[in-house]
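Below is one structure, written out as structure tokens; comments come after it.
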Amino acid sequence: MKLRFSGVARRELNEAAIWLELQEVGLGERFLEEVTQARRLILGYPDAWHPLGPRLCGAVTSSDSAMGRS
């Protein structure tokens with residue numbers, strides 16, 4: 001299984017990390033660590049996620065749970 005971010009998604013990810021870092025030192029880094037962990041889980045357990053479309057799946061992350069989004 002391949003997991004790739006489009007160029008637009010990669011830019012948005014980086015912009016979000018920069019914005020978060022400006023809000024609180026270390027927050028952008030924690031965000032990127034969460035994305036990296038989610039990516040590892042997706043690659044390790046590709047059939048474990050809820051299908052959202054033909055080539056799209058979704059998962060609840062620990063940050064989602066902490067914010068009450070489950």
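The table below gives the values:
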{"read-out": "Odd one out for Gln23, checked against (1) open to solvent by 70 Å² or more (accessible area, probe 1.4 Å); (2) closer than 21 Å to Gly58 by Cβ", "value": "(2)"}
{"read-out": "Positions within the range 1-23 being modelled with pLDDT of 95 or more and out of contact with any helix residue (DSSP H, G or I) (no Cβ under 9 Å at 6 or more places or on another chain), in sequence order", "value": "Arg11, Glu12, Glu15, Gln23"}
{"read-out": "Subset tally (residues that are open to solvent by 80 Å² or more (accessible area, probe 1.4 Å), of a type outside the set (Asp, Glu) and either in a loop (DSSP other than H, G, I, E, B) or at pLDDT below 75 (or both)) for the range 30-49", "value": "1"}
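The values are calculated or read from the model by the stated rules, or taken from the named source; none is laboratory data. Computed from a predicted structure; not experimentally measured. Because the Cβ atoms are built from the backbone with ideal geometry, glycine has one as well, and the counts that use them run over all protein chains shown. Quick note on the areas: whole protein, heavy atoms, side chains included, nothing else; ligands and nucleic acids left out. Shrake-Rupley method; radii C 1.70, N 1.55, O 1.52, S 1.80 Å.
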